[in-house]
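Comments concern the structure below.
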Amino acid sequence: MSRVSKEDVVDGRRARSERSKQAIIDASLTLMEEGVLIPTAQQISDRSGVNIRSFFRHFEDMETLFATIDEQIRESTEALFLGGDRQGTLEERILHAVERRSEGYEVETNMILSTAAQLWRSETLRKNYARYQRGLRKDLDDWLPELKQLTRTQREAVDAVASFEMWHRLRYHQGLGKRAAIDVVVSLINSLVES
């Protein structure tokens, strides 16, 4: 009969604890992706199979959970928007930039809506959202160096037109298909850049 060492017991507890913590993160993401835009600790606990007391042993509050989730998904989220074919004429690059963003927006719609719905109550989400917005603006400058020649008003208009809020309005509120929404955004950016 083999004896279980104290270290093995501690390692086993640590592994269970990490599994529980990851289950909470995964449940949070799943709920948001399913459209539960403001999941409660109880909903997350129920979905993860981790009791509510354990939830709060892993995450002292929702802010801690939001920070941990962002840390875990930041790279994959940013990868949805970065990259792509950045060669060609101005018109081609505008089209490629809008297509790239549209792909990211389509994948992340419920996550972005969840973040927006909770900005009022979360300093962590406000900070992270602002960081993503700065990143998207910088990325658009990389796609389209010509934006540096615009007036401030024109440049701000380009960001507004290229935003998730505009995308969501076209797709959800106006009921446009993806291709039609891309065409609208491309047309508006072209008119701003060429004016």
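The values are calculated or read from the model by the stated rules, or taken from the named source; none is laboratory data. For clarity, every value in this text was computed on a predicted model and none was experimentally measured. Glycine gets a Cβ as well: all are built from the backbone with ideal geometry, and neighbour counts include every protein chain shown.
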Checklist entry - Consider Ala67 against the criteria (1) in the same structural domain as Arg137 (by TED's automatic domain parsing); (2) within 23 Å of Tyr105 (Cα to Cα): it satisfies all of them except one. Which criterion is unmet? => result (1)
Checklist outcome for this item: Of the residues in the stretch 82-124, those that are part of a helix (DSSP H, G or I), within 19 Å of Glu194 (Cα to Cα) and either under 13 Å from the mean Cα position of the chain (by Cα) or of a type in the set (D, E, K, R) (or both) come to Glu91, Glu92, Arg93
Item to check | Number of positions in the stretch 125-156 that are buried (at least 17 other Cβ atoms within 10 Å of the Cβ) and more than 22 Å from the chain's Cα centre (by Cα) | outcome: 3
Next on the checklist: For the structure I just gave you, tell me whether Gln42 is in a helix (DSSP H, G or I), over 14 Å from the mean Cα position of the chain (by Cα) and exposed (fewer than 14 other Cβ atoms within 10 Å of the Cβ).
Outcome noted: yes
Checklist entry - Within the stretch 47-66, can you find the residues that are without any contact (Cβ under 8 Å) to a residue 60 or more places away in the chain and among the aliphatic types (A, V, I, L, M)? => result Val50, Ile52, Leu65
Checklist outcome for this item: Residue hits (the stretch 45-67; among the charged types (D, E, K, R) and either in a helix (DSSP H, G or I) or at pLDDT 95 or above (or both)) are Asp46, Arg47, Arg53, Arg57, Glu63
